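Structure first, then comments.
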Amino acid sequence: MLDLHTHILPGMDDGSPDPEISAAMLRLEAGQGVKAICASSHYYRRQNSIERFCQRRARALERLGPLLSPELPRVIPAAEVAFFSGISECPGLERICIGESRTLLLEMPFAEWNDFQLEEVAALVLDRGFGVILAHPERFCGSRANREKLAQLGQLPIGWQINASALLHWRSRKLALELLRQARRPLLASDCHNLGLRPPNLNEGRTVVMQKLGEAFLARMDQNAAELIAPAGEAAS
């Protein structure tokens with residue numbers, strides 16, 4: 001089991017504030033059977049250069065290091081990259097991909113999308129050869145226009161990563177299941193931030209997927225995740 005989207009690194013963003021909370025979150029992940037997590041702290045172009053972000057991430061990993069143990073999930077450096085104009089031409093994106101892969105966890109704008117933004121995502125995939133995982137698309141479906149734009153993005157070979165919490169509440173479950181069914185590469189993650197309102201909950205979401213979509217669908221999601229985080233140039237086993 002892999003948790004593709006977490007905010008576990010201490011002091012990086014609005015997630016874990018310190019190494020002790022980070023370790024407690026990792027223990028919860030381990031208790032749910034998770035073997036590896038992507039430490040996908042927020043990356044905002046207007047706040048950090050890629051170089052500075054990677055330096056901060058390295059320091060956060062170093063702070064967490066003494067509390068790690070073989071019983072805890074493996075921590076894979078990553079980033080939740082907020083879309084920015086020019087992203088498709090930005091150098092150095094490989095450094096904020098997931099681990100050694102060429103896959104970006106991409107968060108689209110919290111506004112109505114435009115054709116230019118879709119063209120940039122397409123250029124990332126088709127021209128530059130990046131894998132893209134679209135973070136929590138269920139959050140962007142408040143308008144008909146965005147639903148239509150999401151359907152257009154769905155023509156690309158990208159992953160749609162649904163948050164487990166969307167499956168755990170009756171108001172959002174129907175949409176979350178619908179998006180998982182529609183996705184070319186459906187994925188699930190916790191997007192955990194803390195031990196309170198947004199704790200690690202991947203296994204709870206997986207239980208809903210098992211009940212509603214079946215074991216084969218769950219296996220398909222796991223295979224998608226393995227392929228997308230595989231080191232560049234290698235096939236997932």
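The values are calculated or read from the model by the stated rules, or taken from the named source; none is laboratory data. In this text the structure is predicted, and so the values were computed from the model without any measurement. A quick note on method: Cβ atoms are made from the backbone with ideal geometry, for glycine too, and the neighbour counts reach across all protein chains shown. We work out accessible area using only protein heavy atoms, side chains counted, and drop any ligands, DNA or RNA first. Shrake-Rupley method; radii C 1.70, N 1.55, O 1.52, S 1.80 Å.
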*For G233, work out the one condition from (1) within 24 Å of G92 (Cα to Cα); (2) under 19 Å from the mean Cα position of the chain (by Cα) it doesn't fulfil.*
(2)
*Restricting attention to region 25-54, which residues are open to solvent by less than 10 Å² (accessible area, probe 1.4 Å) and over 22 Å from T103 (Cα atoms)?*
M25, L26, E29
*Lone qualifier among E112, E100, E80, E107 - being acidic (D, E), touching a residue at least 24 places away in the same chain (Cβ under 8 Å) and touching a helix residue (DSSP H, G or I) at 6+ places or on another chain (Cβ under 8 Å)*: E112
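Between L9, L61, which is within 15 Å of the chain's Cα centre (by Cα), more than 11 Å from C192 (Cβ to Cβ) and touching a residue at least 40 places away in the same chain (Cβ under 8 Å)?
None of the other options fit; the residue is L9.
May I ask you to verify whether R57 is out of contact with any Ser or Thr (no Cβ under 7 Å at 6 or more places or on another chain), surrounded by 16 or more Cβ atoms within 10 Å (Cβ to Cβ) and of a type in the set (K, R)? Don't jump to the end; show me each part of the working.
On the way: out of contact with any Ser or Thr (no Cβ under 7 Å at 6 or more places or on another chain): no; surrounded by 16 or more Cβ atoms within 10 Å (Cβ to Cβ): yes; of a type in the set (K, R): yes.
It is false that R57 is out of contact with any Ser or Thr (no Cβ under 7 Å at 6 or more places or on another chain), surrounded by 16 or more Cβ atoms within 10 Å (Cβ to Cβ) and of a type in the set (K, R).
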*D18: under 16 Å from the mean Cα position of the chain (by Cα) and modelled with pLDDT of 95 or more, yes or no?*
no
*Quick one: E204 ticks every box in (1) within 18 Å of the chain's Cα centre (by Cα); (2) outside any helix (DSSP H, G or I) except a single one, so which number is it?*
(2)
_Criterion (free of Cβ contacts under 8 Å to residues at least 60 places away in the same chain and crowded, with 18+ Cβ neighbours inside 10 Å) met by exactly one of G196, G214, G233, G205_ = G205
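Does L4 count as open to solvent by 20 Å² or more (accessible area, probe 1.4 Å), modelled with pLDDT of 95 or more, touching a strand residue (DSSP E or B) at 6+ places or on another chain (Cβ under 9 Å) and under 25 Å from D222 (Cα atoms)? Before the answer, list the steps.
Numbers: open to solvent by 20 Å² or more (accessible area, probe 1.4 Å): no; modelled with pLDDT of 95 or more: yes; touching a strand residue (DSSP E or B) at 6+ places or on another chain (Cβ under 9 Å): yes; under 25 Å from D222 (Cα atoms): yes.
When the stated conditions are applied, L4 does not pass them.
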*strands (runs of 3 or more DSSP E) wholly inside region 74-188 that include at least 1 residues being within 27 Å of V208 (Cβ to Cβ) and either open to solvent by 30 Å² or more (accessible area, probe 1.4 Å) or in contact with a Gly (Cβ under 7 Å, 6 or more places away or on another chain) (or both)*: 74-77, 103-107, 131-135
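Filter region 1-48 down to residues that are hydrophobic (A, V, I, L, M, F, W, C) and not in a helix (DSSP H, G or I), then give me how many there are.
Filtering region 1-48 for residues hydrophobic (A, V, I, L, M, F, W, C) gives 1-2, 4, 8-9, 12, 21, 23-26, 28, 30, 34, 36-39.
Next, from what is left, pick out any that are not in a helix (DSSP H, G or I): 1-2, 4, 8-9, 12, 34, 36-39.
Counting residues in region 1-48 that are hydrophobic (A, V, I, L, M, F, W, C) and not in a helix (DSSP H, G or I) gives 11.
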